[in-house]
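Read through the structure below, which is laid out as structure tokens, and then see the notes.
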Amino acid sequence: MTLGRGIVAVVVLIAATVGLMLFGLEPVFALSGGVLAGTVVLLAALRGSEAVVEDGPREEPAPATRGSEISRLAWAFNPRTGVAGEIVSRRVRALLRRRLARRGIDPDDPAQRSRMDAVLGVGLWQRLNGRQVQNIDIRNALDAADRLAAASDGSDEQTTRSPTRKQERT
């Protein structure tokens, strides 16, 4: 309740009391009629307001969920155009960057471009950094990542694809 609503209710109480006394009611009955009118005005003013509880339990908004990582990666492929989304190409580039670093190859060094092309395939790294990465480039990059993982001895990182999946493609 605000101070303004209380003042309005008191003004209505006084006005109703004075008005009823002018009509000839005894002061006690006029006062009871004024209290009744003030109460009605006060309740009508409170009816439209919300009760605000400062120290009560708060309902936390539900966090926005974006789905699982696998579903986001799956939706990043466009089967109609054959283009892979940015999220997929970033993940594949990060995977290849780690695997190439194990072999001492820096993809950002132009002097090592020939070594990288020999390991990955000619121009694959440039296509992965392009604007629209094709699904076949993602497949070739994952195959290259598997070859790099198999070539590294004692690797604790698992391969990215299962052998049965490779046999299905061939």
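The numbers here are math on the coordinates, done by the rules we state, and not lab data. Because the structure is a prediction, the values reported are computed rather than measured. Using ideal geometry, Cβ is built from the backbone for each residue, glycine included, and neighbour counts are taken over all protein chains shown.
Hey, could you get me the Stokes-Einstein D for segment 3-47, Kirkwood radius over alpha-carbon pairs, 37 °C and 0.692 mPa s, rounded to whole µm² s⁻¹?
It comes out at roughly 320 µm²/s.
Per the Kirkwood treatment, what hydrodynamic radius in Å, one decimal, follows for segment 16-152 from the mean inverse distance over all distinct Cα pairs?
Averaging 1/r across every pair of different Cα atoms and inverting gives 21.4 Å.
I'd like the FRET efficiency for Arg72 and Ala111, computed as 1/(1 + (r/R0)^6) with the beta carbon distance as r and R0 of 30 Å, rounded to 0.05.
Calculated transfer efficiency: 0.25.
With a Förster radius of 35 Å, plug the Cβ-Cβ distance of Val40 and Glu60 into 1/(1 + (r/R0)^6) and report the FRET value to the nearest 0.05.
Once rounded, the FRET efficiency stands at 0.35.
Which peptide among 12-23, 70-81 comes first, and what is the full order, when sorted by highest mean count of other Cβ atoms within 10 Å?
Listed from highest to lowest mean packing, they are 12-23, 70-81.
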